[in-house]
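The values are calculated or read from the model by the stated rules, or taken from the named source; none is laboratory data. Bear in mind the structure is a predicted one, so any value in this text is a computation, not a measurement. With ideal geometry, Cβ positions are generated from the backbone for all residues, glycine too; neighbour counts draw on all protein chains shown.
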Amino acid sequence: MPASPLEVFEDNIADAERLTDLAAALVNTRVRRMRRELRDSVGDALGVRRGDRNSLDCVESDEVFVVLKPGGHFTRTYFTERELRPLLRQAVVAISAAVETYVADKACEYIPAALRDRPPRLKQVSVNLNDVLDIDGKYKRRGWGYRKILQAYLRDTASPAPSQIGRVLSVVGQKLDWGKLDLARSVTPGRSEQDLETLYARRNSIAHQADRQGRGRRSITIAEVVDLLASAQGVVEAIDAQLG
C-alpha cells in the first residue's frame, strides 16, 4: 500500500525537526575555554601534537560536546543561536514544503470522485489544448489523462496559505470548516488560519527575499521554529481528521 498523505507529511516534516534539533543541540552553553588538563586528555585521545594542544577548544550543550581541533575553520563563535540561524531558516522552508505536499496529496485522493461528480470549481480549471491533444494520442482511456492533468494542476497550485488550501480542496469537491479545525485543536477562533498565514509569510520571506528586513536580516529563534512545527503538525492532523 502507498503511504497516506499524513504519513508522507510526517516523513517530510521530520527534516524540519532534525534541522531544529541540530541547531538546538549545537548552541554552546560553555562559558570558559577548555581547561589545560582536558586539552591534554583530549589531545592524547585524538593524537594531537603537544605543541598544538593549546589551540584545542570545545563547545558544549546539554546534548553534545564538540572538540574544535587546531587549525580548523570553526571557532566558538559559530556555535551561537545567532550563527545557527541558517539551519532554522531552512527548517521553516521544510515545514512549509511538508504542508504544501500534504495539501496536494490529500486533494489528489479525491480526483476519481471529482471527475465523476464534477464540482463547480473543477469546471473552472483551465486546460492547455496541447494537453488535450496529448490525451487523445497517448491514452486509450481518457480518464487517466484527465487524472494526470488534474494532479499536475493541484500540485502546482497547492500552498500552505489557508485561502489556497481551501481553493485546492474545492477543486475536488471538498470544503474545510476552519471553525471546527480550531475546536479540534482547542485554539481560539481563527487561530488555525493565522498559524498557516504566519508560516506562509515567513517561508516567502526566506525563499524570495533571503529573510532580509531593512539593511539586515530578520531574527529567528529556536523557539519560533518549534512553534511553527507544532502548529503545522496540529493543523495538518486536524485537516486529516476532518476530511477522513
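Yes or no: segment 203-222 includes at least one residue that is surrounded by fewer than 17 Cβ atoms within 10 Å (Cβ to Cβ), touching a Phe, Trp or Tyr at 6+ places or on another chain (Cβ under 8 Å) and on the phi > 0 side of the Ramachandran plot. Taking every residue of segment 203-222 in turn, none turns out to be surrounded by fewer than 17 Cβ atoms within 10 Å (Cβ to Cβ), touching a Phe, Trp or Tyr at 6+ places or on another chain (Cβ under 8 Å) and on the phi > 0 side of the Ramachandran plot.
Applying a threshold of 6 Å to beta carbon distances and a minimum spacing of six or more residues, or different chains, the list of pairs starting in segment 7-27 at a residue that is farther than 23 Å from residue 66 by Cβ and crowded, with 19+ Cβ neighbours inside 10 Å and ending at one that is among the β-branched types (Val, Ile, Thr) and at pLDDT 95 or above reads 9/236.
Answer yes or no as to whether residue 172 is within 19 Å of residue 98 (Cα to Cα) and in the same structural domain as residue 228 (by TED's automatic domain parsing). When the stated conditions are applied, residue 172 does not pass them. Just to verify a result, which residue in segment 125-141, among those that are exposed (fewer than 10 other Cβ atoms within 10 Å of the Cβ) and under 32 Å from the mean Cα position of the chain (by Cα), is modelled with the highest pLDDT? Filtering segment 125-141 for residues that are exposed (fewer than 10 other Cβ atoms within 10 Å of the Cβ) and under 32 Å from the mean Cα position of the chain (by Cα), the one modelled with the highest pLDDT comes out as 126. Within segment 36-76, the set of residues being within 36 Å of the chain's Cα centre (by Cα), on the phi < 0 side of the Ramachandran plot and among the small types (Gly, Ala, Ser) comprises 61, 72. On the stretch given as segment 80-93, residues that are crowded, with 20+ Cβ neighbours inside 10 Å and under 17 Å from residue 158 (Cβ atoms) total 0.
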